1. Can you spot a residue in the stretch 677-685 that is closer than 27 Å to residue 590 by Cα, open to solvent by less than 70 Å² (accessible area, probe 1.4 Å), of a type in the set (A, V, I, L, M) and in contact with a strand residue (DSSP E or B) (Cβ under 6 Å, 6 or more places away or on another chain)?
2. What pairs come up if the first residue lies in the stretch 362-380 and is closer than 15 Å to residue 422 by Cβ, the second is surrounded by 17 or more Cβ atoms within 10 Å (Cβ to Cβ) and of a type in the set (Phe, Trp, Tyr), and their beta carbons are under 6 Å apart, counting only those six or more places apart or on different chains?
3. Out of the residues in the stretch 582-594 that are at pLDDT 90 or above and of a type outside the set (A, V, I, L, M, F, W, C), state the one that is surrounded by the fewest Cβ atoms within 10 Å (Cβ to Cβ).
4. Would you tally the residues in the stretch 553-568 being of a type in the set (S, T, N, Q) and touching a residue at least 60 places away in the same chain (Cβ under 8 Å)?
5. Within the stretch 443-466, can one find any residue that is basic (Lys, Arg) and under 33 Å from the mean Cα position of the chain (by Cα)?
6. Which of (1) at pLDDT below 90; (2) open to solvent by 50 Å² or more (accessible area, probe 1.4 Å); (3) not hydroxyl-bearing (Ser, Thr, Tyr) does residue 52 not meet, given it meets every other one?
7. Taking the stated definitions as given, is residue 127 more than 28 Å from the chain's Cα centre (by Cα), within 29 Å of residue 451 (Cβ to Cβ) and modelled with pLDDT of 90 or more?
Amino acid sequence: MKIFVLAIFLSVAVQYRCIAQQKFTLSGYVKEAASGEAMIGATVFVQQLSSGTISNEYGFYSITLPAGDYTIKFNFLGYQLITKEIRLDKNVRFDTELKSEATDLKEIEVTDERDRPASQNPNMSMNKMNVSVMKKIPAFLGEVDVIKSILLLPGVSTVGEGAAGFNVRGGSVGQNLVYLDEAPVYNSSHLLGFFSVFNPDAVKDVTLYKGAIPSRYGGRIASVLDVRMKDGNNKKTEIHGGIGTVFSRFSVEGPLVKNKSSFIVAARRSYIDVLARPFVSILKNGGALNFYDLTLKTNYNLNDRNKLYLSGYFGRDNFLFDKNQGFSWGNATGTLRWNHLFNEKLFFNQALVFSKYDYSLQFGGTDQNNFKWKSSITNFIYRPDFSYFINSHNELSFGGEAIYYTFDPARATGTTNGTPVDVSLEKKYNSEASLYASHALKINSHFSIDYGLRYTSFTLYGPGTQYYYNDTVPGLRKRVIGQKKYSSGQVIQTYRNWQPRFSFKYQLNENSSVKGSYNRMVQYLHLISNTTASNPLDVWTPSTANIKPELGDQFTLGYFRTLATPTAQYEFSAEGYIRLTQNQIDYINGADILINRYLEGDLLSGRGRAYGIEFFAQKKTGRLNGWISYTLGRTELLVPGINNDTWYPTRYNQTHNLKVVGFYEINKRWSFSTDFIFTSGTPTTFPTSRYLQQGLLIPYLATNTRNNVTLPSYHRLDIAFTLQGKEFNRQGRKRKNQDYWVFSVYNLYARANPFSIYFSQVKDQTLPGQPLLSQAKQISIIGTFVPAVSYNLKF
């Protein structure tokens, strides 16, 4: 803490020295010329100083320089460079718009910042992926998907096809913080993991933080996925659409008041059930298998210093066996933001956020005999953020966050012969308050640092019940020995934590650098799931007196290098990481996690460790481009009572993870893309013995081992061809609309990758006196190749 205060004092001293000199500030917004969209990460380069800055999440930039004449270059990958001569003898406001270049597939980038080589920018363990890149990656059933795209990045994995969510550097699905326009999303998947909730037609920017996480983020210990929506075209109305194998999508965007206010509305709906209804009897009787979502946003420029944004998302999945049986789940979010520019150096954004995730389950065909279960988690959030651009070498960020949670784990009723029995669980009420500050400081041309601190306080309130459990042998179910009731508003439990963050970059030369970081993350919310993959019925529960917050300390060190030739540019990086965690949750054998009033008695707590090294090589320009990523890593837990009190691999541990992605521009109309994935199999628990009960073989785990076997390796090859529509019509005039076809094949060589393996008794009759036989059976979610065609239109 003393070191942090000293660092702030030194930064103030540097600022005072700068004030003593005559300096002025150049500031403004960088936008796209065609649509008026704010450009995130656009480069503002001062030629005379060989340095500059980048625009923030709202396209704003600010740079303070000594009085004088400067050549300023504004640049963004795939857009025309703008050069402007500016005399700084006073504070200057300069807004600019960049025009797109017709680059087609000649430039592909997955990097840390849009136009600065990875070896020169200060960030590490962070990837940005452009939506235009995602649209060129071969996709399942031809549909562009944000989550499936980031799975091709180093350090990102999944336990298998059809698994919801993603894993980052050995973290679980529930240890990732997922934002959509600053609103948390608790389930990012449609159709049990085959698609994500993010409509690519409404997405502007995707940033994944795997380490060196800025202090403005908190709440999860593994990663942050920050998805920003488009603002909407404020120059002209555009309509986008697509017809695919599984679903269709439609979006419209345009100005409400030209150059002042705009909107975007994007919708999707799957139609598997509609197409299959004539042939499937279940669907004829009220059954459903579909998802839909609606994404919308609008904004309004009050004046050159104030801007309002309002955005929302509403989506739902339905798996209904008939009118009265099935389950469904969905997210709803809303974000109201106000950007305010106090002066040329101080930028302010405040947000009011609503987020809700809920699911419901119902079975039993009559009113006399049925079971109904509903669950939800609701958030109300207020978040103020300040950015103070001290000078070209100093930037101070500070702010806070206040969150109010309502957990409704189960509103459940079972009815038998017309008699209902209420088995609902108590709601839980929590608040989380945070303050943070960070300082980015460029010490000299070689060395720069970014350090920060985040403080959080998390409180569980009544009404509620605190249960007391007996001390028992680790690994066994704990028994309730007492309880205490709390009235509304009473404090049941409070946790407070400091979370320091630090990163550095040392520039070895123009083309190479070394970077390192440390961050502590604290997680107060826990995803309770003991299945092979996360599913919509998993339970979120807050920290209580019996469930402590998860703590994660991550250390990273990396080498970055840029190689340039007259015809191509290459990026290379190698990052090593180690994350040590405390209070990791695992489960006793046979844990009951659904509608269990005494769930805490089935949970265990221990330590975790994840370590590895990531290699990333990318060719960024030319007709042939793409990237290769390889991760060598291991993730383990040490939980008293499990695996004989020794370290064991987690269910999502993967030793080897290789991804190869390639793009080739055949000609102006045809392009080709491919990806190949190879990963080690994930661990699972196999029985070590068996016993006979009334002629049935019962598999049995005789030893107290966990995840004692590794499944076979996973590998897959996908390909896609894209055909652009003709640029001119038959009369030789340029077409007003743009369209293209995508022809793809997922899992080209029909690999039956194992999702899980189980054992069953052989049904064939055995001879008297001979032992009963059992066999292993493999489940493959997708066991063949999947061709697809999609048509996309813009006008």
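1. no
2. Cβ pairs passing all conditions: 375/359.
3. 582
4. First, the residues of the stretch 553-568 that are of a type in the set (S, T, N, Q): 554, 556, 562, 565, 567.
Still in the list and also touching a residue at least 60 places away in the same chain (Cβ under 8 Å): 554, 556, 562.
Total satisfying the criteria: 3.
5. First pass over the stretch 443-466, keeping only residues basic (Lys, Arg): 454.
Keeping just the survivors that are under 33 Å from the mean Cα position of the chain (by Cα) gives 454.
Yes; the residues of the stretch 443-466 include at least one that is basic (Lys, Arg) and under 33 Å from the mean Cα position of the chain (by Cα).
6. (2)
7. Values: more than 28 Å from the chain's Cα centre (by Cα): no; within 29 Å of residue 451 (Cβ to Cβ): yes; modelled with pLDDT of 90 or more: yes.
So residue 127 fails the test.
Conditions (1) within 17 Å of residue 374 (Cα to Cα); (2) open to solvent by 20 Å² or more (accessible area, probe 1.4 Å); (3) under 19 Å from the mean Cα position of the chain (by Cα), marked per residue:
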{"position": "287", "(1), (2), (3)": "no, no, no"}
{"position": "295", "(1), (2), (3)": "no, no, yes"}
{"position": "298", "(1), (2), (3)": "no, yes, no"}
{"position": "304", "(1), (2), (3)": "no, yes, no"}
{"position": "309", "(1), (2), (3)": "no, no, no"}
{"position": "312", "(1), (2), (3)": "no, no, yes"}
{"position": "332", "(1), (2), (3)": "yes, yes, yes"}
{"position": "345", "(1), (2), (3)": "no, yes, no"}
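The values are calculated or read from the model by the stated rules, or taken from the named source; none is laboratory data. In this text, all values refer to a predicted model and were calculated from it rather than measured experimentally. Cβ sites come from the backbone with ideal geometry, for glycine too, and all protein chains shown count toward neighbours. Just the protein is used for accessible areas: all its heavy atoms, side chains included, with ligands, DNA and RNA removed. Shrake-Rupley method; radii C 1.70, N 1.55, O 1.52, S 1.80 Å.
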